[in-house]
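Written below as structure tokens is the structure these notes are about.
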Amino acid sequence: NWDHVQFIFNHLNQLPKESHDVDFSRIKPWYLDGHSAYLRQTVLLSAYETPETRALFNHLLKNIAGRIRTERRWTPIEVPEGIDQQQFVQFDCSNPKDEPEKRFQYFTTQLLPAVMKSAVQSANTVIFIPSSLDFIRVHNHFRKNVGTSFTVLSEYSSNQDISRARQAFFSGKKAFLLVSERFHFFRRYKIRGIRNLIFYGPPDHPQFYTEYLSYPFLDDGVDASDVTCRVLYSKYDWLRLERIAGTEGAAELIRRGS
């Protein structure tokens, strides 16, 4: 979808190849001279900022009157009381182009093997994956290389698939459940049977973090000390991270690896 946005902005204010019987006397000379992009007023509205909108703001808004954007200072998001085992795990990455590969390498060689060694954390575990491309990659890794039972919930899951996956995970027949953020955005099913949460990256929507941390308490007899949570992040996750940990908390998390 973002490719479509970029396509539109890259083709704004271009001169048409044919005149289409236009009355050129009604067209401003600066438009015909190719300067319209510098006089165009653009308003971007979003519930929160993303790296994509920041890049668009920096590189594709060229009005000669300048640009202005508002910044929000975020407070830490609320989580269920008593959950202390929230672990933010940072991996090193010096180039944003390498970030998807570095994240996958750290997840498959460091984080996941450590989880698999624990009898408690290698069951009743949900892996929440914000990016659809990352979701496909992690799914394929589990299918080919991880010797454990798992099931998946994605935006393409049918109602029957969703029912089977939720029941298999809740009953313990499947140790891992892979969930895409787009699935939760569109369907909003409550997942029972969760004791361990792994966020492959901070979710775009911060409320999803709170919602998934609340799902273990749908089951009777679950204590906050029974719930673990890991969030995998790099310095390039700053905008998403601050919506969860707060602006000051995110700054501290980023400094941790510098």
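The values are calculated or read from the model by the stated rules, or taken from the named source; none is laboratory data. Since this is a predicted model, take the numbers as computed values, not measurements. Virtual Cβ from ideal backbone geometry, glycine too; neighbours counted across all protein chains shown. Ligands, DNA and RNA are excluded from the accessible area calculation, which covers all protein heavy atoms including side chains. Shrake-Rupley method; radii C 1.70, N 1.55, O 1.52, S 1.80 Å.
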Quiz item: Near Lys28, which lysines are there with a Cα under 21 Å away, not counting those fewer than 8 places off in the same chain?
Solution: Lys17, Lys62
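With a 1.4 Å probe and every protein chain kept in, tell me what percent of the accessible surface of the chain is carbon plus sulfur. Write out the running numbers ahead of the final one.
On the way: 7710 of 15510 Å².
The nonpolar share, carbon plus sulfur, comes to 50 percent.
Among rounded, prolate and oblate, which fits the range 107-258 when a ≥ b ≥ c are the square roots of the eigenvalues of its C-alpha gyration tensor, a/c under 1.5 means rounded, and a/b larger than b/c means prolate? Before the final figure, lay out the partial values.
Working: a/c = 1.42, a/b = 1.40, b/c = 1.02.
Note, shape of the range 107-258 comes out rounded.
Normalising by the residue count of the range 183-258, find the relative contact order in percent from Cα pairs under 8 Å and 6+ residues apart. Write down the numbers at each step before the final one.
Working: 72 pairs, mean separation 25.7, N = 76.
34 percent.
Test of understanding: what is the full-extension gain from Arg256 to Glu18, defined as 0.36 nm times their sequence separation minus their Cα-Cα distance? Show your work: numbers first, answer last.
On the way: separation 238, 0.36 × 238 = 85.68 nm, distance 5.70 nm.
Extra length available between Arg256 and Glu18 comes to 80.0 nm.
Can you give the net charge of the other residues whose Cβ lies under 15 Å from the Cβ of Ser132, counting K and R as +1 and D and E as -1? Let's see the in-between values first.
Values: positive: Arg103, Arg137, Arg182, Arg187; negative: Asp3, Glu52, Asp134, Glu155, Glu181, Asp204.
Net charge around Ser132: -2.
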Self-check item: Gyration tensor (alpha-carbon) shape descriptor, the range 75-152, a/c threshold 1.5
Solution: oblate
Self-check item: Selection from His184, Tyr106, Gly82, by position along the positive dipole direction of the chain (Cβ)
Solution: Tyr106
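Heavy atoms only, 1.4 Å probe, whole protein assembly: order Ser118, Ser180, Ser46, Ser94 by accessible area, highest first. Let's see the in-between values first.
Numbers: Ser118 30, Ser180 0, Ser46 80, Ser94 105 Å².
Result of the area sort, largest leading: Ser94, Ser46, Ser118, Ser180.
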Quiz item: Mean separation of Cα pairs under 8 Å and 6+ residues apart, divided by the residue count of the chain: what relative contact order is that in percent?
Solution: 25 percent
Quiz item: How much accessible area per residue does the chain have, in Å², with a 1.4 Å probe?
Solution: 60 Å²
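Any idea what the alpha-carbon Rg over 2.2 N^0.38 Å comes to for the range 16-161? Can you show the working numbers first?
Details: Rg = 24.4 Å, N = 146, 2.2 N^0.38 = 14.6 Å.
This ratio for the range 16-161 stands at 1.67.
Tell me the mean residue ellipticity at 222 nm calculated for the chain from its helices only (DSSP H runs of n ≥ 4, each -39500 (n - 2.57), averaged over every residue, nearest 500). Intermediate values should be presented prior to the final figure.
Details: 11 runs with 98 residues, N = 258.
It lands at -10500 deg cm²/dmol.
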Quiz item: For Lys144, which lysines qualify as cross-link partners when the Cα separation must be under 25 Å and same-chain residues fewer than eight apart are set aside?
Solution: Lys102, Lys117, Lys173, Lys174
Quiz item: Counting pairs of alpha carbon atoms under 8 Å apart in space and at least six apart in sequence, what relative contact order in percent does the range 147-229 give?
Solution: 28 percent
Self-check item: Reachable aspartates and glutamates from Lys235, criterion Cα separation under 20 angstrom, eight or more residues apart if same chain
Solution: Glu49, Glu52, Glu71, Asp92, Asp98, Glu99, Glu101, Asp134, Asp204, Glu248, Glu252
Quiz item: Which order do peptides 196-209, 9-22 fall in by mean Cβ count within 10 Å, highest first?
Solution: 196-209, 9-22
Exercise. About the Cα centre of the chain, how large is the charge dipole given +1 on each Lys and Arg Cβ and -1 on each Asp and Glu Cβ? Please answer in debye to the nearest 20.
Key: 400 debye
Quiz prompt | Local electrostatic count at Phe199 - Lys and Arg +1, Asp and Glu -1, tallied over other residues with Cβ under 11 Å | solution = 0
Quiz prompt | In order through the range 167-178: 3J(HN,Hα) via Karplus (6.51 cos²θ - 1.76 cosθ + 1.60), integer Hz, x for Gly, Pro | solution = 5, 5, 6, 5, 7, x, 5, 10, 7, 10, 10, 8
Quiz item: What is the chain by shape, rounded, prolate or oblate, if you read a ≥ b ≥ c off the alpha carbon gyration tensor as root eigenvalues and call it rounded for a/c under 1.5, prolate for a/b larger than b/c, and oblate otherwise?
Solution: prolate
Exercise. Report the local net charge at Gly221: Lys and Arg +1, Asp and Glu -1, summed over other residues whose C-beta lies under 14 Å from its C-beta.
Key: -2
Exercise. Once you've got the GNM for the chain with C-alpha springs shorter than 10 Å, pick whichever of Ile244, Ile83, Ile27 has the biggest mean-square fluctuation.
Key: Ile27
